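Scroll down for the structure; my scribbles are underneath it.
The values are calculated or read from the model by the stated rules, or taken from the named source; none is laboratory data. Being a predicted model, the structure only gives us computed values, none of them experimental. Reconstructed Cβ throughout: ideal geometry from the backbone, glycine too, with neighbour counts over all protein chains shown.
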Amino acid sequence: MINSEISEIKKQFKHENTSITKISGCYVDGEKTIKTKFTETFLGMPEEETFKYFEIFKKTLSGRIGKNLINMEFPLDSEFEGGTQHFFMQLRNSELKDESLLDEFYNKVIEYYDYTGNYLILLVYAAYDVPGKTKDNILMDDASDEVYSYILCSICPVKLSKPGLSYNDEKNQFQKRIQDWVVNMPVNGFLFPAFNDRSTDIHSILYYSKDSEELHNDFVEQVLGCRLPLSAGGQKESFQAIIQETLGDECEYEIVRDIHEKINEIIEEHNQKEIPEPLTLDKMEVKNLFAECGVEEEKLQDFDTKYEKIAGENATLLATNVINTRVFEVKTPDVIIKVNPERADLVETKVVDGRNCLVIPINDQVEVNGIVVKPSC
């Protein structure tokens with residue numbers, strides 16, 4: 001799924017637009033014991049409650065694609081009877097009216113979801129009447145192409161409110177506030193099936209994780225039946241390792257800087273073309289990128305082997321995951337230099353008085369701790 005498709009689904013999370021018909025929930029304590037379960041007609045709930053639920057659902061579809069929101073495809077064998085995709089098809093088609101399917105799902109989550117503390121498993125069923133689009137991408141509400149039926153799951157921590165004082169209006173006095181259990185914003189969740197090309201894709205699922213480095217592998221593999229790609233941090237670490245393994249002892253500052261600048265240029269060109277899919281780099285594209293930035297042919301002879309060993313044979317890396325597009329950072333044990341990525345060329349390495357130095361040209365405007373100072377001549 002791309003940003004525009006995610007936004008289209010999120011726009012349904014308003015009382016006047018919603019296509020949600022059912023909501024089910026299961027409250028689990030820290031001992032993995034089910035405290036309570038419920039299933040209700042969503043629009044039969046008070047509006048002030050649905051508003052709070054909408055906030056949760058929107059959060060489950062928030063973050064950056066490839067970092068917090070991960071598109072995954074089901075393995076083929078999961079689509080046969082007994083497979084995870086087949087199970088989710090049954091769950092969706094039941095419209096959350098089959099209690100035995102709901103119990104089976106809750107029990108799977110409880111078994112494989114690693115979380116310390118209480119949490120709430122929320123499931124909603126919706127049937128979105130997908131409007132057609134003109135050639136100018138204008139929605140035509142009276143021209144539906146299909147009905148996109150889906151389930152959205154949100155896993156929300158439930159925590160005690162903080163102790164404190166509150167004002168009692170009846171007694172006209174301040175007193176100790178009663179602590180209660182509060183549902184927090186979701187930390188994980190998923191949308192099934194995916195809404196790819198503005199249409200139902202039963203072979204894919206969109207997974208959400210608030211923490212891009214805590215993806216809950218067991219939950220994804222055992223409950224969703226999918227294999228996670230490298231996390232955003234894992235992709236960055238792999239890319240750094242590929243550079244170091246390729247360049248070896250001759251990992252020069254200028255080459256690393258040029259690689260960073262080149263990726264920034266590619267990302268900027270990609271954004272200017274308004275291509276909706278995130279920019280990814282495969283093995284050959286990374287190899288060509290290195291060559292363009294001055295890596296010698298000799299060092300690229302066994303590049304494929306090193307890339308596959310570090311990142312994986314068919315791994316692709318999201319460009320925005322492997323570099324920091326907001327800042328170019330140079331770090332020594334005692335000094336950290338942060339530069340606008342567009343002006344990374346300002347930092348150079350030179351030998352001064354027989355010592356290797358980082359050199360930064362300065363102009364008339366220099367500040368030290370917010371104080372404008374005059375550069376020494």
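V322 - would you say it is farther than 25 Å from G233 by Cα, in contact with a helix residue (DSSP H, G or I) (Cβ under 8 Å, 6 or more places away or on another chain) and either among the hydrophobic types (A, V, I, L, M, F, W, C) or loosely packed, with under 12 Cβ neighbours inside 10 Å (or both)?
Against the criterion (farther than 25 Å from G233 by Cα, in contact with a helix residue (DSSP H, G or I) (Cβ under 8 Å, 6 or more places away or on another chain) and either among the hydrophobic types (A, V, I, L, M, F, W, C) or loosely packed, with under 12 Cβ neighbours inside 10 Å (or both)), V322 does not qualify.
When you check K22 against the structure, is it buried (at least 17 other Cβ atoms within 10 Å of the Cβ), in contact (Cβ under 8 Å) with a residue 60 or more places away in the chain and touching an Asp or Glu at 6+ places or on another chain (Cβ under 8 Å), yes or no?
When the stated conditions are applied, K22 passes them.
Considering each residue of segment 317-347, count those that are without any contact (Cβ under 8 Å) to a residue 60 or more places away in the chain and not hydrophobic (A, V, I, L, M, F, W, C), and give that number.
Adding up the residues that qualify gives 10.
What are the residues in segment 138-164 that are at pLDDT 85 or above and over 30 Å from C26 (Cα atoms), if any?
Within segment 138-164, E146 is the sole residue that qualifies.
Just need a number here: residues in segment 197-213 that are in contact with a helix residue (DSSP H, G or I) (Cβ under 7 Å, 6 or more places away or on another chain) and either assigned to a strand (DSSP E or B) or surrounded by 14 or more Cβ atoms within 10 Å (Cβ to Cβ) (or both).
Total meeting the criteria: 6.
Kindly provide the set of residues from segment 40-95 that are within 25 Å of L317 (Cβ to Cβ), in contact with a Ser or Thr (Cβ under 9 Å, 6 or more places away or on another chain) and small (G, A, S), ordered by number.
Those that are within 25 Å of L317 (Cβ to Cβ), in contact with a Ser or Thr (Cβ under 9 Å, 6 or more places away or on another chain) and small (G, A, S): G63, G66.
Count, please, the residues in segment 334-377 that happen to be assigned to a loop (DSSP other than H, G, I, E, B) and closer than 20 Å to C251 by Cβ.
Final tally of qualifying residues: 2.
Please go through segment 215-263 and give me each residue that is part of a loop (DSSP other than H, G, I, E, B) and either of a type in the set (G, A, S) or within 24 Å of Y307 (Cα to Cα) (or both), ordered by number.
Correct list: L215, G225, C226, R227, L228, P229, L230, S231, C251, E252.
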